[in-house]
């Protein structure tokens with residue numbers, strides 16, 4: 001459009017869409033709107049937004065169901081998504097993250113916090129330049145191509161899981177606390193519960209699971225360090 005990053009706001013309430021659009025435009029973003037999942041898919045395929053703000057509760061097709069569709073579509077699987085919802089309970093947050101959301105903002109929210117979360121997510125999903133592929137015992141990560149291979153098999157994962165794996169593979173055999181991982185992968189100025197790390201580790205391990213009986217389980221390379229956090233290692237897990 002004009003060099004600015006484009007955000008798609010998907011919400012069935014026009015007042016919320018207009019409020020968010022005003023905040024986004026004042027912050028220097030382009031903004032698109034969609035009132036339902038059908039309109040959202042059309043905007044995503046036609047306009048290719050840089051990020052989607054997606055309401056959980058919508059008539060007909062819910063935001064959660066749309067999110068699941070996006071993550072199953074190879075053209076949209078890596079599209080950054082922040083869920084907007086009045087559902088504040090922990091179980092709903094975990095469900096949204098498990099479904100493929102990269103972040104979660106509960107209504108009512110502060111426009112300043114929303115903009116900060118958008119910028120943080122766009123920073124950590126931006127293309128990584130001038131970095132060489134990394135490989136450990138058959139697990140290969142290519143930062144420039146943004147691809148992961150397990151014994152030459154392509155592995156699909158979301159942008160947050162990719163950055164988490166990239167960071168851990170860049171520092172093998174070193175244990176990191178959840179707080180340290182939040183700072184390094186999510187950004188020091190993003191306010192996310194430390195348990196969010198556990199959700200993304202589970203998703204990363206699942207993505208690295210073997211698809212054939214007897215194949216290597218690369219998910220085991222993401223090791224839990226009791227009392228500390230997590231580490232990446234292709235050596236046998238230690239306590």
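In segment 46-59 there is at least one residue that is surrounded by fewer than 17 Cβ atoms within 10 Å (Cβ to Cβ), over 14 Å from residue 115 (Cβ atoms) and over 21 Å from the mean Cα position of the chain (by Cα).
Being surrounded by fewer than 20 Cβ atoms within 10 Å (Cβ to Cβ) and either modelled with pLDDT of 90 or more or closer than 16 Å to residue 77 by Cα (or both) is a description that applies to residue 12.
In summary, helices (runs of 4 or more DSSP H) completely within segment 11-126 and bearing 1 or more residues that are in contact (Cβ under 8 Å) with a residue 24 or more places away in the chain and closer than 24 Å to residue 156 by Cβ occur at 37-47, 63-72, 90-98, 111-124.
Candidates 101, 116, 88, 77: the one that is modelled with pLDDT under 80 and either surrounded by 13 or more Cβ atoms within 10 Å (Cβ to Cβ) or under 25 Å from residue 201 (Cα atoms) (or both) is 88.
A residue that is more than 25 Å from residue 78 (Cα to Cα), surrounded by fewer than 19 Cβ atoms within 10 Å (Cβ to Cβ) and at pLDDT 85 or above occurs somewhere in segment 176-198.
Among the residues of segment 131-155, those identified as surrounded by 14 or more Cβ atoms within 10 Å (Cβ to Cβ), closer than 23 Å to residue 71 by Cβ and either at pLDDT 90 or above or not assigned by TED's automatic domain parsing to the domain that holds residue 210 (or both) are 139, 140, 141, 142, 147, 148, 149, 150, 155.
The values are calculated or read from the model by the stated rules, or taken from the named source; none is laboratory data. All figures in this text were calculated on a predicted structure; none of them were measured in a lab. Glycine gets a Cβ as well: all are built from the backbone with ideal geometry, and neighbour counts include every protein chain shown.
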